[in-house]
Each structure stands twice: as C-alpha cells, then as structure tokens.
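Just below is one structure, and these are the notes that go with it.
Any read-out appearing in this document is the output of simple, stated calculations on the displayed coordinates, not a laboratory observation. Treat the numbers as computed from the prediction; the structure is a model and nothing was measured. Here the Cβ positions follow ideal geometry from the backbone for every residue, glycine too, while neighbour counts run over all protein chains shown.
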Amino acid sequence: MRYQTTLLVLVALFVLLTALFYFGSPQQTDLQTDLQTDSQADKQASSQADKQASSQADKQASSQTDKQADPQTDEQTNVTVLMKDGTVSTMTMAEYLPGAVAAEMPALFDPSALKAQAVAARTFVLSRTGAHGNADVCTDSACCLGWRSQEELKALWGDSFDQYWDKICTACKETDGQVLTYEGNLAQAAFHASSAGVTEDSGAIWSEVPYLVSVESPETANLVPNYVTTVSFACSIFAETLGLKDTGDPALWVETISRDPTGRVAKASIQGKTFTGTELRAAFGLRSTAFTLTWDGDNFVFTVTGSGHGIGMSQYGAQAYALQGWTYDKILAHYYPGTQLTQS
Ligand SMILES: [Zn+2]
C-alpha cells in the first residue's frame, strides 16, 4: 500500500513536471522572410546535409558509445575545438554553440527551428567528446559540425549581423543545457536539409536506431529552394562513372530500381551490376537518394527531391512545422520519437 502511494505520487509529479515544461515553452509567432528567394540559405542547409551524409553521420552511427547524458549549463561545459589552422581552442558550450548553429541553419529560420537545431547540435557535440584526439570536434562541415567565428559571420551577414547573431544566441540560451536522450544516454541527433514527404529510416542506410525512424516531413517546393533538382549525364559519362561499358542500347542499361518504404532508391541493377542508392548518390553528386532515373534518348536524367540522407530531423521540415506554430520540443519529439528532452 505504501509502495502504491509512493508510485502514485511519483507519477503525479512526473505528469505535473512534463505539463509545466511543455506549456512553459515560449510560443513562436514571428514569420520569416520568404526563404525561397534566399539561395544562400539553401546552400547553407544543403551543404551541411551533404556533410552528414558523406561521413560524419555514418561514423556517428557506427561508433555509438552510449555516452551517459550528463547535462550541465552551457557555461559549465567546455568544448575543445580543432580549428582550421590546426590549433585546438577550448571554449564553453555557450561560446561554441551559436557559431555551430549559425553554420548549420540559416539565421532566417523561425526561432523554434533554430532552437531545435541548437538542441540537436549540442547533443551531437557532447556525443563527440575526444573524437579528434585532444579535441572534441573540428569546424569542418564534412567531418563534424560546421562552425563559424563571429568575424566570419560579420563578413557573411554584413549589416544583419547584430540581428542574426542575437537571434541565434537567444535560441541557444533558451535551450541552455538541453540535450536529447534515449534511455538515459545521449541520442544520435542526426539531421539533414530536406526530405521528400517522409524522413528516412536509419536501418535503410546505417544500423537500426529506435528513434531514427521514418516520420512525416511537411516541407514542399514552396518552402525549399531547389527542392527538386535535375541532373543529366551522357551515356559515356554515366557508364564511366559506374565503371561500366559504353556499349549497347542505353535504354536497356538500367534493369531494375528498388525502393525502400520511404520511396528512396534502395538498389538499382545497371548492366547486371547492383548499386545502392547511396552509392549512386555519391557517384553522381545527387542531393539525396529520393530520385528517379530515366533515359531520355540523349541522356540519363536523375530527378532528385530533397537534400541529405533523410535521417533524423529535416531542417526545412522543422522550419515548416515552426511556421505552423510548433514549439521546438514538439519538433524534436516528432523527428526523434521516443527520445527525451533532458534539462540540466
Ligand atoms: Zn571532425
């Protein structure tokens, strides 16, 4: 009886705290500039997505160490950063994080999307402790997270620096110390630029991660610059790129294309050789594996939707949800289902 009473009190406390946290989150209302006109935003978001796809996220998935979450405030947490010149700089998370968020997501995005990005980036950095020997992270977007100094951002943003910097610092401060955890361990907070209707299941590319599963993602061509891209290759280039022979009728070269449940290309059989969607993406520099491949009589044509590996949070999806009024915690819970937002 005493045990049951204690349990009831604990459950009631948990519900109360959860409700307090959820409803205590600030509602974001300010609308953003039309992002479709901002080609820089697109480049920024897509370059980081390629980074995640090419190496770092794969490494992250394969070398998961189940690090215990040990949340502290950003001022209390040190990050050692391998700088471009090879030196290692030690700074607090409060000093580091805005430069990473600024490098990874356009400052024009809604504050809720920026806050979701801040939590994902913080979680990622903490999972990289010691990944570079005497440093935790580098500033190479093709390896760890991109990072830009205030001087670089001043040159990039010009007169908008004060406004953008303040907006990004606010997103970091309002999520101070918050990380995503799964069963008490830091989660793998993978993210990408944009998805084709639904995100990718981690098991389709990496090993299965319980919270990196396919979920809906609402971004469309109205929001995402270059959402659908087309790339063409002459048959000689196409064959050479894949190490195949430039002989016979090109219309017959592509035998089968199989798709995973999210619609992305899983495998393609071309001239009797099998390639994964990821291999084709890398070989032809495609923005994602959500593509169709046709022979138009003159060229092989890839029509590609979205950008990045598609796993975890879609940045443009987060922006779309934020513009619908979703708070950052709701966005994170959607893209990383089953994880907990853990507050220091
Ligand atoms: Zn690195």
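Placing a label point 7 Å from the Cα of Met91 along the Cα-to-Cβ direction, the residues of the range 119-140 with a backbone N closer than 12 Å are 139.
What's the center-to-center distance, using Cα atoms, between the range 273-293 and the range 180-250 in Å? So the separation of the two Cα centres works out to 9 Å.
Please work out the FRET efficiency for the pair Leu156 and Ser258, using the Cβ-Cβ distance as r and a Förster radius of 35 Å; give the result to the nearest 0.05. Result of the calculation: an efficiency of 0.25.
For the range 99-201, taking the reciprocal of the average inverse distance between every pair of different Cα atoms yields a Kirkwood hydrodynamic radius of 14.6 Å. Using every pair of separate Cα atoms, the Kirkwood estimate puts the hydrodynamic radius of the range 144-264 at 19.5 angstrom. Globularity index of the range 228-305 is 0.99 (Cα radius of gyration / 2.2 N^0.38 Å, N = number of residues). Per-residue packing, averaged as other Cβ atoms within 10 Å, sorts the ranges 211-221, 250-260, 73-83 into the order 211-221, 73-83, 250-260, beginning with the highest.
Between Ser269 and Val228, take the C-beta separation as r, use R0 = 35 Å, and let me know the FRET efficiency to the nearest 0.05. Once rounded, the FRET efficiency stands at 0.90. Relative to the compact-globule estimate of 2.2 N^0.38 Å, the Cα radius of gyration of the range 258-338 comes out at 1.37. Counting neighbouring beta carbons within 10 Å and listing from fewest to most, the residues Val88, Val198 come out as Val88, Val198.
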